[in-house]
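Have a look at the structure below before the remarks.
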Amino acid sequence: MKLRAVLTFTIIFAFFAALNFYVGWNGLLFVRPSSAKWHPVLYWIPFWILAFSYLIGRAKMLPGPAGRLLKVIGSYYFALFEFAVLILPLADLAGWLLKRSGAEREVYVGGVGTAVLLLIAALMVWGSRNAWSPVVRTYHIALPKSADGRKSLRIAVASDIHLGNVVGNRHIARLLEKVKVINPDLILLPGDVIDDSIEPFVRNRMADSLAALRAPLGVYAVLGNHEYYGGHIKEYVRRMADVGIRVLRDETVVLQGGIQIVGRKDKAAESMDQIGRMPVAELLSGLAKDKPIIVLDHQPYAFAAAAEAGADILLCGHTHRGQFAPNHWITRRLFELDWGCMRKDGMHVVVSSGFGTWGPPIRL
């Protein structure tokens, strides 16, 4: 099993390195005049540091602020890299055609290269604006069940906030503004509240900012895969509890009117938690089926199993809907629903594209 994992990682790493070499080679053509006397190593060393800056920062190869800075730079590079990989083949084709037609090097290298840079810059600026301007979607769902006289329930749901070195207290302030407008009875956070490492969450006192999230029926969260990646589950759960947010780990709470909120451990628990996670059928087996059952499960899988177990509403996140195009073409095929609302038998499924961002704060 370990050998297979190592082999998979090696293949992915080699593929990523090869694509980066392609991007770097194009960059070298653009920045190095034909008469340049300087050695290419002066270009390649900074380029490879940039290409692997996220991994260097994530592995804490540099201490303190330097490592955090590399991680932030690397986050932005992920978006720049993907845009470059998509655009450069067309740019290379255009340059080759211009060269074949007899154009000067300044035209087919300088002109095309400048156009590529301007296009990527425009995508980065547009995507950054979108990332910091979250959109609220409203879904009206009717359940044929009683809640001891309660006629309606307004729920604010925010998944995938990804608090860390990039997304922080300013974005929490945006969340608080949105929630205030919604004026919910209940607030639910379906996983990936933190990005991975708990260190920036603690250092910047983000839990104190989240403490302002308040609703009459409470605030509940579940774990996402990134909380597991960070490896500080107990500390995270404790800090959230300290500010009034209960993290449900294969647990159920019964609210006023008999409304049942079920929080599942993330799918990552199947391999990263010593006791795994409970099957949804077992988790819902003892609940009152004549009362509303709302399930939080970070990753949108196994809708049929949740519906069969008796869930009325399933709330998920995780996908980010690819975060920026054309990644949504991939998530659309990976998941039964990668964003939006649907019916699965008698159950309503809502999948959020996330309030925050993973990696680059870019949304397209």
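None of the figures in this text is laboratory data; all of them are computed from the coordinates on show. Just so we're clear, the structure is a prediction, and the values are computed from it rather than from any experiment. When we count neighbours, we look across all protein chains shown, and the Cβ atoms used for this are built from the backbone with ideal geometry, even at glycine.
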- Which ³J(HN,Hα) values, rounded to whole Hz and listed in residue order, are derived for segment 344-356 from phi using the Karplus coefficients 6.51, -1.76 and 1.60 in 6.51 cos²θ - 1.76 cosθ + 1.60 with θ = phi - 60°, glycine and proline given as x? 10, 6, x, 9, 9, 10, 10, 10, 8, 8, x, 8, x
- Assigning unit charges at the beta carbon (Lys, Arg +1; Asp, Glu -1) and nothing else, what dipole magnitude in debye, to the nearest 20, does the chain show about its Cα centre? 560 debye
- Calculated log10 I(q)/I(0) by the Debye sum over Cα atoms at q = 0.09, 0.15 Å⁻¹ (choose from [x] -0.78, -1.25; [y] -0.59, -1.33; [z] -0.52, -1.46), label: [y]
- Query: ³J(HN,Hα) across segment 230-237 via Karplus (A = 6.51, B = -1.76, C = 1.60, θ = phi - 60°), whole Hz, x for Gly/Pro?
  - Reply: x, x, 10, 4, 4, 5, 4, 4
- For segment 48-143, size of Cβ-based charge dipole, Lys and Arg +1, Asp and Glu -1, in debye: 380 debye
- Residues meeting the amide H criterion for residue 364 (H placed from the backbone, H to H distance under 5 Å, 5 or more places apart or on another chain) are 324, 325
- Message: With the cut-off at 1.5 for a/c, could you classify segment 117-260 from its C-alpha gyration tensor as rounded, prolate or oblate?
- Response: oblate
- Message: Give me, ordered by chain and number, the residues 5 or more places off residue 314 or on other chains with an amide H under 5 Å from its own placed amide H.
- Response: 295, 348, 349, 350
- Message: Can you classify segment 264-346 as rounded, prolate or oblate using the Cα gyration tensor, where a ≥ b ≥ c are the square roots of its eigenvalues, rounded means a/c under 1.5, and otherwise it's prolate if a/b beats b/c and oblate if not?
- Response: oblate
- Query: residue 221's amide H: which non-local residues (gap 5+, or another chain) put their own amide H closer than 5 Å, with H modeled 1.01 Å from N in plane and none for Pro or chain starts?
  - Reply: 189, 246, 247, 248
- Query: How large is the dipole of segment 251-364 about the Cα centre if only Lys and Arg carry +1 and Asp and Glu carry -1, each at its Cβ, rounded to the nearest 20 debye?
  - Reply: 380 debye
- Everything considered on the Cα gyration tensor (a ≥ b ≥ c; rounded for a/c under 1.5, else prolate if a/b is larger than b/c, else oblate), segment 218-364 must be described as oblate
- Message: Under 10 Å, Cα contacts only: if you run a Gaussian network model on the chain, which one of 190, 292, 63 comes out with the highest mean-square fluctuation?
- Response: 63
- For the chain, with a Gaussian network of springs between Cα atoms less than 10 Å apart, report the residue from 51, 158, 66 with the top mean-square fluctuation. 66
- If one builds a Gaussian network model of the chain from Cα atoms under 10 Å apart, the most fluctuating residue listed among 24, 149, 57 is 149
- Task: Take the Cα atoms of segment 1-101, find their three principal axes, and give me the spread along each one in whole Å, biggest first.
- Result: 52, 34, 23
- Query: How high is the relative contact order of segment 248-312, in percent, with contacts defined as C-alpha pairs under 8 Å that are six or more residues apart?
  - Reply: 34 percent
- Task: Give a residue-ordered list of calculated ³J(HN,Hα) values for segment 300-306 (Karplus: 6.51 cos²θ - 1.76 cosθ + 1.60, θ = phi - 60°; whole Hz; x for Gly, Pro).
- Result: x, 10, 6, 4, 4, 5, 5
- Message: Once each part is reduced to its C-alpha centroid, what is the distance from segment 228-299 to segment 310-364 in angstrom?
- Response: 19 Å
- If the convex hull of the alpha-carbon atoms of segment 110-161 is projected onto planes in all directions, what is the mean projected area in square nanometres? 6.0 nm²
- Item | Interatomic Cα distance distribution for segment 54-163, bins of 10 angstrom, percent | 11, 22, 22, 18, 14, 8, 3, 1, 0
